[in-house]
Amino acid sequence: MKLPTTIFLLFSLILCVKSQNWLRDSARFVKEAGQGAGDMWRAYRDMREANYKNSDKYFHARGNYDAARRGPGGAWAARVISDGREFFQGGSSGRGVEDSRADQFANRWGRSGKDPNHFRPAGLPSKY
């Protein structure tokens, strides 16, 4: 074989191997994102069920924390869901910009791997 043909075949083989890793990594990312979205939904459902005063920051942090522990896909899902919620909620919650900032702070806290119990209000049932 001529050198250019050999280089071309070697390059093609390398790309093929890389693409297999890319496919596996992409599938893992999608799986993590789905699981992270489930974690976010569970935290939201628990927040609604608990209906406990001043507990929303805890549930924000917990949902983001659980999702981010899944891996990069989970962290991505948590960021997209949290940012989307705050964007679409806008000022419609009646709590204003400061509450939205505090929610985002709790979201980032949880995604960074810090303990969500930092925001846990006293008296919240241990079930949560």
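The values are calculated or read from the model by the stated rules, or taken from the named source; none is laboratory data. Note that this is a predicted model, so its numbers are computed, not measured. Reconstructed Cβ throughout: ideal geometry from the backbone, glycine too, with neighbour counts over all protein chains shown. The protein model used for the area step is the full one, side chains on, heavy atoms only, and it has no ligands, DNA or RNA in it. Shrake-Rupley method; radii C 1.70, N 1.55, O 1.52, S 1.80 Å.
Please give every one of the aspartates and glutamates within straight-line cross-link reach of Lys53, meaning a C-alpha to C-alpha distance under 15 Å, and leave out same-chain neighbours fewer than 8 residues apart.
Hits, sequence-local ones excluded: Asp99, Asp103.
Leaving ligands and nucleic acids out of the surface, order Leu124, Leu23 by accessible area at 1.4 Å, largest first.
Largest to smallest exposure gives the sequence Leu23, Leu124.
Just the number, please: Stokes-Einstein D of the stretch 24-128 in µm²/s, Kirkwood Rh from C-alpha pairs, 4 °C, 1.567 mPa s.
94
Placing +1 at every Lys and Arg Cβ and -1 at every Asp and Glu Cβ, with all other atoms neutral, what dipole size does the stretch 30-73 have around its Cα centre, in debye to the nearest 20?
It works out to roughly 40 debye.
Can you give the charge dipole size of the stretch 29-127 about its Cα centre, rounded to the nearest 20 debye, using +1 on the beta carbon of Lys and Arg and -1 on the beta carbon of Asp and Glu?
200
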